[in-house]
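Enquirer: Shown below is the structure under consideration.
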Amino acid sequence: MEEILVTGGTGYIGSHTVVELIESGYKPIIVDDFRNSKPFILDRLAEITGEEITQYKLDCADEEALSEVFEKHPNIAGVIHFAADKAVGESAINPLKYYDNNIGGLVTVLKVLLKFKVQHFVFSSSCTVYGEPESPVVIESTPIQNAASPYGDTKIICERIIQNTVQANPNFNATLLRYFNPIGAHPSALIGELPQGIPNNLVPYITQTANGIRESLTVYGDDYPTEDGTCIRDYIHVVDLAKAHVNAIKWLSNEPAGVVEAFNIGTGKGSSVLEIIRTFEAVNQLKIKYAIGPKRAGDVIQIYANPTKAKTVLNWTAKYTIADALKHSWNWEKSLLTLK
Ligand SMILES: NC(=O)c1ccc[n+]([C@@H]2O[C@H](COP(=O)([O-])OP(=O)(O)OC[C@H]3O[C@@H](n4cnc5c(N)ncnc54)[C@H](O)[C@@H]3O)[C@@H](O)[C@H]2O)c1
């Protein structure tokens, strides 16, 4: 059974990817220090998959500790690197935290990967690298723009670090997966997004408003040049996103070393903020209290993926609908009530 090291494997996207790796016959090994996740997720992963998952609690920027993991598991064939800080707003307030963890962590992981001759690397990038694009639908060759936040900047820099490292050491290959907007939760409602404090993303804010943790949702601006005036994003179910990582690992294992490719991982369909609220209300038979607030600086007006490359090269397409994702998010949020 092929072993794949998953940094950030108890986080939102990482945990769903661990499930999909096991379902596809891989043996994931998790490295996470729980700075933005909870150990109970490991029990939930065991419950979903019926397997005890090997995990190491450590900071992936700790070269010595990470090297010990590779010494214990000499057959690790690939690394999926999720571990990073991800709050755009916080990154503007504390940029060094982001440069330190997101870039420092990546550099250490790559050093260790080279030392132990690991063959495949999958990186969590983001559509934020496209900035405010000229056309709302982006392909992988759409120009990378100056990032609107230090967080976005780390993704651009990390992509470049990976490209330069592969070029200088063409003995492994890599994919840069540019995620659009992950939403939803596992259909079992056993794992999902666990925001700490006030959520930064729309859907956890909606679900927390629905269950009374937040009083009301603010929609940031309704006079953008879009059909209903609110921003448009490409929302993708986290299980579909997780499956893209498995396809990326499979694809890399048939590609020569020295290859680095970026892929848009989105549905190809844009939805507005108001559409998401209305769909959530309809599918869950609920009303969400919301108010229109001022625009936020740096918000891109509209962006969605052209996912053709992921379809033709990785043989991957998103299957779930937005309604499925919003149902699953709500089921997950309700399940959290029993934890408190
Ligand atoms: N969620 C999104 O909207 C989104 C969109 C685009 C890209 N991404 C990227 O995808 C990746 C995963 O995002 P997520 O939403 O699952 O985030 P998350 O915070 O839920 O998961 C990240 C995990 O990494 C761990 N971690 C962070 N730094 C670490 C370190 N130095 N050592 C060990 N563990 C560490 C955290 O404890 C957490 O479990 C990140 O790189 C993020 O930037 C996320």
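The values are calculated or read from the model by the stated rules, or taken from the named source; none is laboratory data. Owing to the predicted nature of the structure, the values given are computational and were not obtained by experimental measurement. Cβ: placed from backbone, ideal geometry, glycine included. Neighbour counts: every protein chain shown.
Enquirer: Could you list, in sequence order, the residues of the range 267-297 that are in contact with a helix residue (DSSP H, G or I) (Cβ under 7 Å, 6 or more places away or on another chain) and in contact (Cβ under 8 Å) with a residue 60 or more places away in the chain?
Expert: Answer for the range 267-297, where residues must be in contact with a helix residue (DSSP H, G or I) (Cβ under 7 Å, 6 or more places away or on another chain) and in contact (Cβ under 8 Å) with a residue 60 or more places away in the chain: 273, 276, 277, 280, 284, 286, 288, 289, 290.
Enquirer: A further question on this structure: Please state which one of 27, 57, 97, 111 is within 20 Å of residue 172 (Cβ to Cβ) and without any contact (Cβ under 8 Å) to a residue 40 or more places away in the chain.
Expert: On inspection, the qualifying residue turns out to be 27.
Enquirer: Counting residues that are at pLDDT 95 or above and within 30 Å of residue 164 (Cβ to Cβ), which helices (runs of 4 or more DSSP H) fully inside the range 257-340 reach at least 2?
Expert: In the range 257-340, 308-314 are the helices (runs of 4 or more DSSP H) which contain 2 or more residues that are at pLDDT 95 or above and within 30 Å of residue 164 (Cβ to Cβ).
Enquirer: Please find, within the range 306-330, the residue that is surrounded by the fewest Cβ atoms within 10 Å (Cβ to Cβ) out of those that are farther than 14 Å from residue 235 by Cα and out of contact with any helix residue (DSSP H, G or I) (no Cβ under 9 Å at 6 or more places or on another chain).
Expert: 312
Okay, residues lined up against (1) part of a helix (DSSP H, G or I); (2) surrounded by 19 or more Cβ atoms within 10 Å (Cβ to Cβ):
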| site | (1), (2) |
| --- | --- |
| 83 | no, yes |
| 90 | yes, no |
| 106 | yes, yes |
| 124 | no, yes |
| 158 | yes, yes |
| 175 | no, yes |
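Enquirer: Sort out which residues of the range 67-88 are within 9 Å of the ligand (Cβ to nearest atom) and either at pLDDT 95 or above or touching a Lys or Arg at 6+ places or on another chain (Cβ under 9 Å) (or both), and write them in order of number.
Expert: 81, 82, 83, 84, 85, 86
Enquirer: Taking residue 6, is it under 30 Å from residue 99 (Cβ atoms), in contact with a helix residue (DSSP H, G or I) (Cβ under 8 Å, 6 or more places away or on another chain) and part of a strand (DSSP E or B)?
Expert: When the stated conditions are applied, residue 6 passes them.
Enquirer: While we're here: Of all residues in the range 126-156 being more than 11 Å from the ligand (Cβ to nearest atom) and assigned to a strand (DSSP E or B), which is surrounded by the most Cβ atoms within 10 Å (Cβ to Cβ)?
Expert: Among those that are more than 11 Å from the ligand (Cβ to nearest atom) and assigned to a strand (DSSP E or B), it is 138.
Enquirer: What number of residues within the range 169-189 are under 26 Å from residue 143 (Cβ atoms) and under 12 Å from the mean Cα position of the chain (by Cα)?
Expert: Result for the range 169-189: 7.
Enquirer: Also, quick follow-up: Which of (1) closer than 30 Å to residue 123 by Cβ; (2) of a type in the set (D, E, K, R); (3) surrounded by 14 or more Cβ atoms within 10 Å (Cβ to Cβ); (4) touching a residue at least 60 places away in the same chain (Cβ under 8 Å) does residue 334 not meet, given it meets every other one?
Expert: Going through (1) closer than 30 Å to residue 123 by Cβ; (2) of a type in the set (D, E, K, R); (3) surrounded by 14 or more Cβ atoms within 10 Å (Cβ to Cβ); (4) touching a residue at least 60 places away in the same chain (Cβ under 8 Å) one by one, residue 334 breaks only (1).
Enquirer: Separate question: Can you run down the residue pairs with Cβ atoms below 7 Å, 6 or more apart or on separate chains, where the first is in the range 118-133 and over 20 Å from residue 257 (Cβ atoms) and of a type in the set (Val, Ile, Thr) and the partner is within 16 Å of the ligand (Cβ to nearest atom) and in a loop (DSSP other than H, G, I, E, B)?
Expert: What qualifies is 128/147; 129/144.
Enquirer: State all residues of the range 181-223 that are over 29 Å from residue 47 (Cα atoms) and of a type in the set (Phe, Trp, Tyr); if no residue qualifies, say none.
Expert: 220
Enquirer: Follow-up. Identify the residue in the range 45-66 that is more than 13 Å from the ligand (Cβ to nearest atom) and buried (at least 18 other Cβ atoms within 10 Å of the Cβ) and, among all such residues, is farthest from residue 112 (Cα to Cα).
Expert: 48
Enquirer: Let me confirm something: among 262, 291, which residue is small (Gly, Ala, Ser), on the phi < 0 side of the Ramachandran plot and touching an Asp or Glu at 6+ places or on another chain (Cβ under 7 Å)?
Expert: Sole residue among the options that is small (Gly, Ala, Ser), on the phi < 0 side of the Ramachandran plot and touching an Asp or Glu at 6+ places or on another chain (Cβ under 7 Å): 262.
Enquirer: Follow-up question, since we're still on this one. So residue 174 fits all but one of (1) in contact with a strand residue (DSSP E or B) (Cβ under 6 Å, 6 or more places away or on another chain); (2) of a type outside the set (Phe, Trp, Tyr); (3) at pLDDT below 95; what number is the exception?
Expert: (3)
Enquirer: If I filter the range 282-305 for residues that are within 14 Å of the ligand (Cβ to nearest atom), over 30 Å from residue 23 (Cβ atoms) and buried (at least 21 other Cβ atoms within 10 Å of the Cβ), do I get at least one hit?
Expert: yes
Enquirer: With respect to residue 196, is the statement that it is surrounded by fewer than 16 Cβ atoms within 10 Å (Cβ to Cβ), within 10 Å of the ligand (Cβ to nearest atom) and not aliphatic (A, V, I, L, M) true?
Expert: Against the criterion (surrounded by fewer than 16 Cβ atoms within 10 Å (Cβ to Cβ), within 10 Å of the ligand (Cβ to nearest atom) and not aliphatic (A, V, I, L, M)), residue 196 qualifies.
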